[in-house]
1. Count charges around Ser373 for me, please; just the other residues with Cβ under 12 Å from its Cβ, Lys/Arg as +1, Asp/Glu as -1.
2. Between Thr282 and Ala396, what is the spin-label point distance in nm, taking each point 7 Å from the Cα along the Cα→C-beta axis?
3. On a 0 to 90° scale, report how tilted helix 110-131 is relative to the longest principal axis of the chain, with both axes built from alpha carbons and the result rounded to the nearest 10.
4. In whole Hz, what ³J(HN,Hα) sequence does the stretch 331-345 give by Karplus (6.51, -1.76, 1.60; θ = phi - 60°), x for Gly and Pro?
5. Within the stretch 200-235, which residues have the backbone N less than 17 Å from the label spot 7 Å out from Ser263 along Cα→beta-carbon, could you tell me?
6. Pairs of Cα atoms under 8 Å, at least six residues apart: use those to get the relative contact order of the stretch 448-515, whole percent.
7. Keeping all protein chains in place and using 1.4 angstrom, which order do Ser456, Ser201 fall into by accessible surface area, from largest down?
8. Taking a spot 7 Å from the Cα of Ala151 along the direction of its beta carbon, which residues of the stretch 381-395 have an amide N less than 16 Å from it?
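The values are calculated or read from the model by the stated rules, or taken from the named source; none is laboratory data. Since the structure is predicted, the reported quantities are computational estimates derived from the model, not experimental observations. Note that we place each Cβ from the backbone using ideal geometry, even for glycine, and neighbour counts take in every protein chain shown. Just the protein is used for accessible areas: all its heavy atoms, side chains included, with ligands, DNA and RNA removed. Shrake-Rupley method; radii C 1.70, N 1.55, O 1.52, S 1.80 Å.
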Amino acid sequence: MESTNIPTDKIKKPTILARLKKRRWWVAAGAILIVLLVVVFGRSGGADVEYVTAQVQRGTLTQTVEASGELSSLTDVDLSFETSGTISSIPVEVGDEVIEGELLVMMASTDVIAELSRAQETVNLAQANINQLVAGSSDEEVASAQASYDAAEVEYNNAIVVGGLNVDIAAIDLSQSQEDLAQVRVDNDEDTLQAYEDLRSVLRENVIEIRSTLADADQVLGREQIGINDDFDNILASSDSQTLNDANRSYDEAARVRDIVESAVYALSNASTYDELSEVATTAQEALETTADALYDTRRVLDATFANSVNLSKTELDTFKTTIDAGRNTIQSEEESLLTQLQLISATQIASSSAEADALNDYERTLQLYTKSETDRDASVASASATLASRAADLAQVVVATRGVDIAPLQAQLGQARADLDAASARLSKTELRAPITGVVTAVQFDVGELASAGSVVMTVQNTQLDAYMVTVQISESDIAKIEVDQVAEMTFDAFGDDIIVEGRVMAIDPAEQAVEGVVFYEVDVSLGEGIAGMKPGMSVDVTIFTNQLDDTLYVTQRAILEHDNVPYVRIPTDIGYEERTIEKGLRADGGLIQIVSGIEEGESVITSIKEQ
C-alpha cells in the first residue's frame, strides 16, 4: 500500500475530472454491491435478527476536496524606498484593497526635515547676500528686512511639513482604532455564538441522560414499560408502601417534563435565537430537577424492598440500587454542566460589552485627535502664510534697485542653494510609499521599527487588472487539514462548461480563519497552469483539489464502523451472533469509504446494520 500526492505531469488534462466523476459512479455502484445483504439469523434475547453485511475490499482510494471561487489577477508590483531608514508606520495590511496614490508606508523623516530646514537657510543666506547689493537702502535696513522674510519663509515651510505629518500620523491612529473596534465586534459575535452552540450541545447531552436514567428507574417502577416489573411488583416497598406512591408520582412528572424538553431541544437549529436557547435551558433545568427527584424516590422504594428467592434475589436488588445511584450521579453531573455553561455565557456577554466599550472609547479619542490635528495644521499654515506675506511686503519697500556692480556670482550661489533645497524636498517625498496602482496588498516584508535598506522590497501590491490569474476558494475547517501547498487541482468554468478542464496547483493557504455565518473557513489560493482565451476576473470557477490517493489498500464502507470511547470497531458475524473486533482506520476517502490499516482482512464480512424480525 502506498500513499501518493498526484503529480501534474501524470494527469491528462482533458480527462481527469471526467475519469474522477466516472470513478465516483463506480465507487457508489461498488458500495451498493459491497453491501451484500447477507442475512444471518441468530438469537438475541429470544428475537430473530437480520444482519446486513459488507465485504472488506482491496483497491484504490481517492480523496478530494471541492470548492468554488472567483478568478482574480496574479500580477504584483514590488515597492521599495530609494534610501535606507526606519519604518515608522504601515497603515495597511496584507489583503487590504488600495487605490492609486493611497499612503502605504512611512519612513522616519526627522533627519530629512532638518536637512530641508538647513537647505532653506542656505537659500536665505544666498538671497541675503544679493540683497546687500540692492540700491536705495542701507545695508542694515535690507539685512533686517531680508532676515525677517527668511525667518517667515522657514516658519511657513515648517508649518506645511510638520502639520501634514501630524495629520498623517493621526489618520493612521484613527484607521487602526476603527479596525480594532470592528475586530472586537467580530470577536464578540464569534465568542457569543460559540457559547450558545456549546449550550445546545450540553442540552442535547442533558436530554439523552434524562431519558436514559428514567428508563433505568422504569425498570423498577414499570410506569411506561407496563409489565416489565411483574416478577417483583408485589414485593416493592413492602416495608413502606408510601415510598412507592411517591416514586410513581415523581416519575410521572419527570417523564412529562422530559417529553417537553426533548421536543424543545430537538427543535433547536442554527437559526434558533439566543432567547430561545435560554428558554429551553430553563426547561432543561426543571427536567433535570424532576428526574433527580424521581431517581431519589426510586432509590427509597428499593431501600423499602426486601429480596427473596422467589420474586427478587438480593443480587438483582443490589444491581438495581447500583444502577439508580449511578443515574443520580449522572443527573447531578448534567445539572452542573448546564449551570457551568450558563455561567460561561453570562461571563462572555459581560466581557464582550466591556471590550466593545473600551474599543469604542479609543475610537472616539483618536477621532477627536485627528480632527484637532487638521484644525491645528490649517491654523498654523494660515498664520505662517500671513506672516510671510507681510515680511515680503516689508522687504519690497526697502529694496528699490540694484547697485551698479556685478552680482552674477551671488546669483549663481543662490541658484545652487535653491537646487539643494529642491533636492532636500525630493528626499522628504521619498520617505513615503504610495500605491502606484489600484489593487490589493499581498505582502508586507517589514514591521514598524525595522530598518529598511535602499532597494529592498517593503510591500507588494497586486494589479487586479492584468492578465495573470488565480482562484481563491474557501475551505471549511473540517477539510483544511487535508490541503497542502503544491497539490494538484482541476478547474472548470461556468462560462465554458464542464468539458473544458484547466489544471493548477495549490499556491498558498491563508492561516487566518474566516467566519461566515458562524462557520469557519480558510482561504486557499490555486494558481492556473495554462489559461483559456476569454477568461476574465470575477468568473465563477469550480475547483477540485486532489488531497490524497492510496493504491492497493483495504477499505470498507463507513457504515460498518462504530466507535466506543473513541476506539473504532466492526462487528463480525458468527454462528451464534457476532463478535466486536477493534480496528485501526486510516484515510476517509470519497464515496463514503474508509481505509482499514489493521484488524480485519480482505474478503471478511462486516455488519453494517442489524434489523429485528
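1. -3
2. 8.2
3. 10
4. Working through the residues one at a time gives 5, 4, 5, 5, 4, 5, 4, 5, 5, 4, 5, 5, 5, 5, 4 Hz.
5. Correct set: 207, 211.
6. About 22 percent, as a whole number.
7. If we order Ser456, Ser201 from most to least accessible, we get Ser201, Ser456.
8. Those under the cut-off are 384-395.
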